[in-house]
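Inspection log for the structure reproduced underneath, given as structure tokens.
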Amino acid sequence: MYRPKIVENLGEDEWIYAGHPACHGCGAALGLRHLLKTIGKNSILVVPAGCTSIIAGTMNAATFNIPFIHTAFGAAAAVASGVAEALSRRGRDDINVVVWAGDGGTYDIGLASLSGAAERGHNILFVLDDNEAYMNTGIQRSGGTPRGAWTTTTITGKKEEKKDIMKIVLSHHVPYAATASVAYPLDFNRKVKKALGIKGFKFIHLMAPCPPGWRFETHMTIEIARRAVLSGAWILMEYENGRMRLNPPSSNMLDKRRIPLEEYLMMQGRFKHVKEELLEELKRDVELRWSEIKEILEKQGKR
Ligand SMILES: Cc1ncc(C[n+]2csc(CCOP(=O)(O)OP(=O)(O)O)c2C)c(N)n1
Ligand SMILES: [Mg+2]
């Protein structure tokens with residue numbers, strides 16, 4: 001059977017069965033496949049309400065071949081804290097406790113429990129599966145929806161900027177935090193492995209495009225995720241003990257070697273109403289983000 005090399009590099013084992021009910025082209029299903037290949041069977045996945053609650057299977061069907069806990073929408077990090085502490089008391093430091101939460105379950109309703117778990121420093125890997133809206137309930141805006149994006153509750157485009165969740169997480173002094181993308185699975189794999197090797201609360205923010213919610217054809221998921229990175233709208237980076245590093249290809253993009261932002265935005269129906277003035281504003285948002293990154297790197301260089 002033909003297998004793309006990239007998947008071979010992540011290993012032969014599959015912990016997510018074929019035939020699951022995710023939409024065609026679902027970025028989250030792909031991210032989960034790669035995540036589970038990396039964390040392996042000695043792991044417990046903790047998942048709040050969201051698309052993954054459905055992908056996990058209904059009635060007597062199960063999609064994941066590892067232990068899986070469904071939690072209330074806001075509670076994933078609190079439940080994972082309890083699981084991690086119980087395992088620790090039993091001396092079971094061989095089991096990974098991994099939260100997989102949507103943007104609604106992280107930026108919004110799950111923020112208090114995330115903050116508590118991060119501040120207490122429980123031994124958890126928290127993966128934010130960001131599809132930039134409440135997709136499971138019909139594409140409502142979240143704090144993670146970017147400015148300009150259409151959703152069913154922002155029909156003329158969201159007016160507010162995407163919340164900077166990374167800054168919030170970093171304010172808890174966590175030992176490891178990174179961004180990742182489903183278009184760069186080996187980078188994601190390396191970051192998950194690295195996080196699992198560190199004790200305490202770790203955070204990975206994974207960009208996972210959603211064909212029905214972002215309004216694009218199902219075979220375009222990877223291309224769109226890749227263009228998010230190549231246009232500089234999504235930046236691959238990692239923080240270890242508060243020190244930031246950019247990762248390829250973002251690490252080569254400080255001098256603006258990027259594709260035009262519209263080559264990312266205009267592939268998606270959710271941005272099709274965006275005209276010149278708003279496009280300029282969205283470009284300014286991206287530039288502002290990059291100038292902040294430059295400033296952080298320069299300050300670090302002086303230390
Ligand atoms: C307290 C509460 N409010 C609302 C809901 C309904 N609900 C279930 S999933 C969901 C949206 C989840 O969005 P997100 O976290 O972004 O995950 P996605 O569906 O996009 O994967 C909502 C509003 C709920 N389950 N519990
Ligand atoms: Mg979502």
Got a sec to turn the phi values of region 77-94 into Karplus ³J(HN,Hα) couplings, 6.51 cos²θ - 1.76 cosθ + 1.60 with θ = phi - 60°, whole Hz, x for Gly and Pro?
5, 5, 5, 5, 4, x, 4, 5, 5, 4, 5, 5, 4, 8, x, 9, 8, 8
Long-range amide H contacts for I69: which residues qualify at under 5 Å (H placed 1.01 Å from N, peptide plane, sequence gap of 5 or more or a different chain)?
L45, V46, V47
Please compute the modelled spin-label separation between L278 and R89, points set 7 Å along Cα→Cβ, answer in nm with one decimal.
5.2
Take the chain, connect every pair of alpha-carbon atoms lying under 10 Å apart with a spring to form a Gaussian network, then pick out the residue of G143, G57, G105 with the largest mean-square fluctuation.
G57
R0 = 30 Å: FRET efficiency of I155 with A72, Cβ-based, nearest 0.05?
0.55
Shape metrics for region 228-303, restricted to C-alpha atoms - Rg then Dmax, Å:
14.0, 45
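Going by average Cβ neighbours within 10 Å, how do the peptides 267-273, 123-129 rank, with the highest at the top?
Values: 267-273: 18.0, 123-129: 26.0.
Highest-to-lowest ranking by the protection proxy: 123-129, 267-273.
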Where does region 5-302 land on Rg(C-alpha)/(2.2 N^0.38 Å)?
0.95
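Got the relative contact order for the chain handy, in percent, Cα pairs under 8 Å and 6 or more residues apart? Walk me through the numbers before you get to the answer.
Numbers: 559 pairs, mean separation 48.6, N = 303.
After rounding, I find 16 percent.
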Treating cross-link reach as a plain straight distance, find the lysines whose alpha-carbon is under 17 Å from the alpha-carbon of K167, omitting any fewer than eight places away in the same chain.
K202, K294, K299
Residues with amide H under 5 Å of V182's amide H, sequence separation 5 or more or different chain, H placed in the peptide plane at 1.01 Å from N; which?
M207
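How much length, in nm to one decimal, is gained on full extension between I259 and T137, taken as 0.36 nm per residue of separation minus their Cα-Cα distance?
Numbers: separation 122, 0.36 × 122 = 43.92 nm, distance 3.32 nm.
So the extension gain works out to 40.6 nm.
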Please give, to one decimal in nm, the separation of the simple spin-label points placed at Y17 and E217, each 7 Å out from Cα toward the Cβ.
3.2
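Rule-based calculations on the coordinates, nothing more; no lab input. Since this is a predicted model, take the numbers as computed values, not measurements. Don't worry about glycine lacking a Cβ; one is built from the backbone with ideal geometry, like all the others, and counts go over all protein chains shown.
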